[in-house]
Structure formats: C-alpha cells, structure tokens
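Taking it in order: structure first as structure tokens, then the write-up.
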Amino acid sequence: MTREEKEIIVKDLSEKLANTNYFYITDASKMTVASINQFRRLCFDRGLEYKVYKNSLIKKALDTLEADTSALDGVLKGSSGIMFSAESGNAPAKLIKDFRKKGNPLPLIKGAYIDSGIYIGDDQLETLVNIKSKFELIGDIIGLLQSPAKNVVSALQSSGGKLAGILKTLSEKE
C-alpha cells in the first residue's frame, strides 16, 4: 500500500469517525473468513457497517478527532475492525451479543466510543447493551411526565360518579 493510499484511507476514516457518535473497535484476529463474512452480513442487515483496518491507520484517524480518544490507543493491537452505528449506541453491542448466542464467541470488544464516553474491554458488553439511545431516554422522560397527569385524570373519571352522587346528596339535604 502506497503512502498516498494510506493517506486517503486515513482521511476517509477520520471523516467517518468525526461524523459518527457511536463506534466500536473489535478484535477480529481469531475469526475465520466465513465468520467475518457472516458477521458483516448481520451488520449490513441491521444497518451497521463493519470494516477491518490496520491499527496504525486507526490511530492516525483517531488523532485527528477533536474529542479525547487517547484511551483507545492502548487497545489497538492485533487485528482490529470498526463497527459504525449512525443511530444507536447500543445497536452494535446487541448485534455482538446476538452473534455470540448463535455459538460464535467472537468478535471481542476492544473499546467503544459512545457520545464522548469511552468503554474499554469485552467485559463492558452488558453495560453497552443496556445503554439507552437518545430517543429511548426521551420516551422514558415523556412517560414519566405523563404518568402523574394520567393518574389524576383516571382518579377524577373513576370517582366522578361518586363525587356527583355526594354533591347531589348534599344539595338535597339543604
């Protein structure tokens, strides 16, 4: 690979990393070609992108980002692949977990970058699966805000008949 080709790859990867809030660096060194192809197909089916890069090119691309990604430098050993997710920070983790349920112990998570948060190590898989997306959090907040109002409305509707009966009884007494 020539120097110019490497510069083009680093530039493209830098743009992709800068425009993506969620990416995972995985270890693909022990995966067979068949399992990598199966994993890529699953990524494609779920709207994710998976590419294998040289560690030196990944490091150069990470260095161009405005965010502090220096913690990810230590995980760049062996063969590394990057999973890109445009919409959800937990989608790659869910995909990896589902892939492992099918009997594939790999790929291992080396590190993840989610909205300026950095997660290191494969032991973070459960944490990454449980991270909620922005839209899920907004939905939870709206649900919590609507809950008290719904309780008041239902209490008024259910006891509205009782309240009317009490008022009628009081008005008839006078």
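Every number in this text was worked out from the coordinates using simple rules, so none of it is lab data. Keep in mind that what you see is a predicted model, and the values were worked out from it rather than measured.
Could you list, in their original order, any pairs among Lys11/Lys101; Lys6/Lys102; Lys16/Lys101; Lys16/Lys77; Lys110/Lys132; Lys6/Lys101 whose Cα atoms are separated by more than 28 Å? Don't skip to the answer; put the middle values down first.
Details: Lys11/Lys101 36 Å; Lys6/Lys102 36 Å; Lys16/Lys101 30 Å; Lys16/Lys77 21 Å; Lys110/Lys132 20 Å; Lys6/Lys101 36 Å.
Flagged as over cut-off: Lys11/Lys101; Lys6/Lys102; Lys16/Lys101; Lys6/Lys101.
Can you tell me which of Asp63, Asp27, Asp140 moves the most in a GNM of the chain? Springs connect C-alpha atoms under 10 Å apart.
Its mean-square fluctuation being the largest, the pick is Asp140.
May I ask you to evaluate 6.51 cos²θ - 1.76 cosθ + 1.60, the Karplus curve with θ = phi - 60°, for each residue of region 4-11 and list the ³J(HN,Hα) values in order in whole Hz, giving x for glycine and proline?
Values, residue by residue: 5, 5, 5, 5, 5, 5, 4, 5 Hz.
Based on the Kirkwood radius over alpha-carbon pairs, what value in µm²/s does the Stokes-Einstein equation return for the translational diffusion coefficient of the chain at 4 °C and 1.567 mPa s?
Details: Rh = 19.1 Å.
The estimated diffusion coefficient comes to 68 µm²/s.
Take the alpha-carbon centre of region 73-143, take the same for region 1-27, and report the distance between them in whole Å.
Cα centroid to Cα centroid, the span is 19 Å.
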